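The values are calculated or read from the model by the stated rules, or taken from the named source; none is laboratory data. Predicted model, so just to flag it, every value in this text is computed and none were measured. Neighbour counts run over all protein chains shown; Cβ positions are idealised from the backbone, glycine included. The protein model used for the area step is the full one, side chains on, heavy atoms only, and it has no ligands, DNA or RNA in it. Shrake-Rupley method; radii C 1.70, N 1.55, O 1.52, S 1.80 Å.
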Amino acid sequence: MFNFLKGVVGGSGGGQKDLPYNIGDPYPSAWSSWSHFRGTSKDDGSPVSIFSLSGSNPQDGRLAAGRNGVKRLRTVRHPNILSFLYSTEVETVDGSGTKVTIYIVTEPAMPLYEKIKELSLEGTQRDEYYAWGLHQIAKAVSFLNNDCKLVHGNVCLESVVVTQTLDWKLHAFDVLSEYDGTSGTATGPMLPYEWLVGSQYKSVELAKSNWVAIRKSPPWAIDSWGLGCLIYEIFSGMKLGKTEELRNTASIPKSLLPDYQRLLSSTPSRRLNASKLIENSEYFQNKLVDTIHFMEILSLKDSVEKDTFFRKLPNLTEQLPRQIVLKKLFPLLTSALEYGSATAPALTALLKIGSWLSAEEYTLKVLPTIIKLFASNDRAIRVALLQHIDQYGESLSAQAVDEQVYPHVATGFVDTSSILRELTLKSMLIMAPKLSQRNLSGSLLKYLSKLQVDEEPAIRTNTTILLGNIASYLNDGTRKRVLINAFTVRALRDTFSPARGAGVMALCATSSYYDTTEIATRILPNIVVLTIDPDSDVRSKVFQAVDQFMQILKQSNEKSNAGDTAHAGSLGLSSMPGNAGLLEWAMSSLTLKGKPLDQAPIAASNSVRPVTTTTAASSETPSMAAVRVSSSSDFADAPAPPSPTLTDGWGEIENGVHEEQYSDKDGWDDIKPLEEPKPSSALANIQAAQKRPVSQPKPQATSLRSKSTVKAVATKDEDDDLWGSIAVPTPKIASKSLKVKTSGAVEDDDPWAAIAAPPPTTKAKPLSAGRGRGTKAAAPKLGAQRINRTSSSGMQ
């Protein structure tokens, strides 16, 4: 029966060889006769602490107290009491007799005295850390005394250990016993193992073994005295040698001194309860204690309190001890984010604290939490993740991005929030290099094709910029199908001028991917028409682009003439002048939030201001507003191309993706190089008039008449006027009137300027089809008509 009970108390195991833990190096100090070792688990190598107590006599009182400590530590559970994992009792026989050893395995911990020397904290940070530790031990003592009606009996420096998260925890339960205050007349000892307590730690009544007075005292009387001893040892930096040293209060903080004196009162009934110490002392009211306490009860706080706290936390962490923030606050923060009790602003604090870690620790402690957060349905969390992706994106592995992150991020492309769509778009600048071709060509491009016709001008612009930046990650076939169509059919015809400018710059940035045939037949005809764009910034970019592509063609021609045709069709962008800052401009517009751009006025990350004249600039506003291009006089001479629709530009895109090969309709392959724009009403009238036969001027009309004569002839027969039927309203820009002035001056201006047609298309029409004046091809006749139009004979 005795062996059975011993097995229940001592745990299982037949010896040290059967101990499922490896015993490592010992610590210099431990409580009483115990030894404290570092250890690891044989299963997974996780760290543990191993305590051992040996005796030569199985009936030794120290072994009996040790068994009591094992039983109490196994059954008493509290966050501030050392966590029990395993115990066993080993008997070994040697030449002189039998040796009994008790082993206790707990969570990894270090003696408080050793940890204080290791941290070497000073000043305010030291006081804050001590306050937090004493706060934890006081809660443990209060739990034992007030809730469990137990007396620890030996609270001191050696009975406190520090965990890996820098938590202070109480252990050494060998003396622990129930409080027996009901037997007021009993004279026997209430603490059977009180003889293990050093005399310097004993209160007055305990030193005298006055058990009657002890039973009449409150349950916390003995342990409150022990708390006073612990406070003295902590602040004096040395272990207590004798009881009289407690009178030396020079090292005790002034805010803690009144409570320290009450803890050490000579009258047991007047000693301060540990629970009252926590509530009343001003010493525990500091930033570290308040911050950790808030995090520990975070689930009880409302959303407003959480939001306020986490917005202040990044700045607050700078003021707290760095080691405590990393080892205590950081694990609490990651746990709160993973389980959903923290709000989105907590991510900022997480990334800031994570920046203090080494690369290996960052990968092990920060990235797993971030990857889990991408699966969150909380839109605020998703926005925060995308806003800060530049801080952690490079650390994510390609496999994690492709398999775990991108599937969740991609849902933002079709989100109803324009802010989330834009942030998702910008995040691809970092994720695209880590995506597989399956996701890159089969999924991402399908979303980009929709975003290029998004209702928000800034999103359309940034889509073009992004496509230009990720072009190098696309395969050759995809680039051939996608780039030119996306930049010309979509971007260059956008009503938003920065989007047109982005299309031009994107073409320049990807010039190395086009051969000479594509440049001559598909790129230059589309960008040349923008040389008369209403926006001056677009025009300047177009002229640079024309120069660049013409230079490519010239170099190709020179190489062809020299017989070197191997690389005549492609020239690198780096050899082209005027493009040194192009990629930097594209990157800046995607990564620098709210800052103006130097190269081009592309929309800022979250806001765009309306465009009304010839330039567009980014401005910082709380939300992204839709941009509408005004139909003012600036567009009278060169109307902006129509806005793209959902059916032009990218073609039909299938949702399904084949595992090994992709559909031919995966991009922009079904788009014609250039569509014929519908002519305006004025252009239609001009073309109709150009197809009508005209009267030939009389031969004798060679001299000039006075202006008054011309006016009389025109009034006499207006039907003979060639331009009357196709007269157009007076253009908005300053120009000469088509009608002859009433003054005596001769009209020398070109009348064709007033009815100039819109920009020509790439498909030039034969002269006889669009500009003929009858059956004769009369290019010289047109010149004669212009000269004779002011004469009397020419107008008859």
For residues in segment 184-203 being more than 20 Å from Trp34 (Cβ to Cβ) and at pLDDT below 90, which is surrounded by the fewest Cβ atoms within 10 Å (Cβ to Cβ)? Thr185
Select, from Asp174, Asp147, Asp167, the only residue that is at pLDDT 90 or above, within 30 Å of Pro321 (Cα to Cα) and assigned by the TED database to the domain that holds Lys254. Asp167
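A quick yes/no check of all residues on (1) within 27 Å of Asp515 (Cβ to Cβ); (2) modelled with pLDDT of 95 or more; (3) surrounded by fewer than 24 Cβ atoms within 10 Å (Cβ to Cβ):
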residue	(1), (2), (3)
Arg438	no, no, yes
Lys450	no, no, yes
Pro457	no, no, no
Leu474	yes, no, yes
Ala486	yes, no, no
Ser497	no, no, no
Considering segment 381-400 alone, what residues qualify as being surrounded by 14 or more Cβ atoms within 10 Å (Cβ to Cβ), out of contact with any Leu (no Cβ under 7 Å at 6 or more places or on another chain) and in a helix (DSSP H, G or I)? Ile389, Asp390, Gly393, Ala400
Answer yes or no as to whether Ser427 is over 16 Å from the mean Cα position of the chain (by Cα), assigned to a helix (DSSP H, G or I) and of a type in the set (S, T, N, Q). no
Looking at the structure I just gave you, is Ala342 assigned to a helix (DSSP H, G or I) and either in contact with a helix residue (DSSP H, G or I) (Cβ under 6 Å, 6 or more places away or on another chain) or basic (Lys, Arg) (or both)? no
Please verify whether Leu63 is outside the structural domain of Ser236 (by the TED database), in contact (Cβ under 8 Å) with a residue 12 or more places away in the chain, aliphatic (A, V, I, L, M) and open to solvent by 40 Å² or more (accessible area, probe 1.4 Å), treating the condition exactly as stated. no
For residues in segment 207-248 being of a type in the set (Ser, Thr, Tyr) and under 51 Å from the mean Cα position of the chain (by Cα), which is most open to solvent (accessible area, probe 1.4 Å)? Ser236
Within segment 259-266, does at least one residue satisfy the condition of being polar (S, T, N, Q), out of contact with any Cys (no Cβ under 8 Å at 6 or more places or on another chain) and under 23 Å from Lys117 (Cα atoms)? no
Condition (residue is under 21 Å from Val160 (Cβ atoms) and of a type in the set (Val, Ile, Thr)) applied to segment 257-272: is it met by at least one residue? no
Contacts under 9 angstrom Cβ, first residue in segment 258-280 being in contact (Cβ under 8 Å) with a residue 12 or more places away in the chain and open to solvent by less than 80 Å² (accessible area, probe 1.4 Å), partner outside any helix (DSSP H, G or I) and among the basic types (Lys, Arg), 6 or more apart: Leu263/Arg271; Leu264/Arg271
In segment 125-156, which residue that is assigned to a helix (DSSP H, G or I) and of a type in the set (D, E, K, R) is most open to solvent (accessible area, probe 1.4 Å)? Asp147
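Residue-wise test of (1) within 25 Å of His152 (Cβ to Cβ); (2) in contact with a Phe, Trp or Tyr (Cβ under 7 Å, 6 or more places away or on another chain); (3) aliphatic (A, V, I, L, M).
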| site | (1), (2), (3) |
| --- | --- |
| Asn68 | yes, yes, no |
| Leu73 | yes, yes, yes |
| His78 | yes, yes, no |
| Pro108 | yes, no, no |
| Ser120 | no, no, no |
For segment 315-327, which residues satisfy the criterion of being open to solvent by 20 Å² or more (accessible area, probe 1.4 Å) and part of a helix (DSSP H, G or I)? Asn315, Leu316, Arg322, Gln323, Leu326, Lys327
Among the candidates Ser96, Ser12, Ser29, which residue alone is in contact with a Pro (Cβ under 6 Å, 6 or more places away or on another chain), surrounded by fewer than 18 Cβ atoms within 10 Å (Cβ to Cβ) and modelled with pLDDT under 95? Ser29
Based on this model, can you work out whether Tyr113 counts as within 24 Å of Leu320 (Cβ to Cβ) and surrounded by 23 or more Cβ atoms within 10 Å (Cβ to Cβ)? no
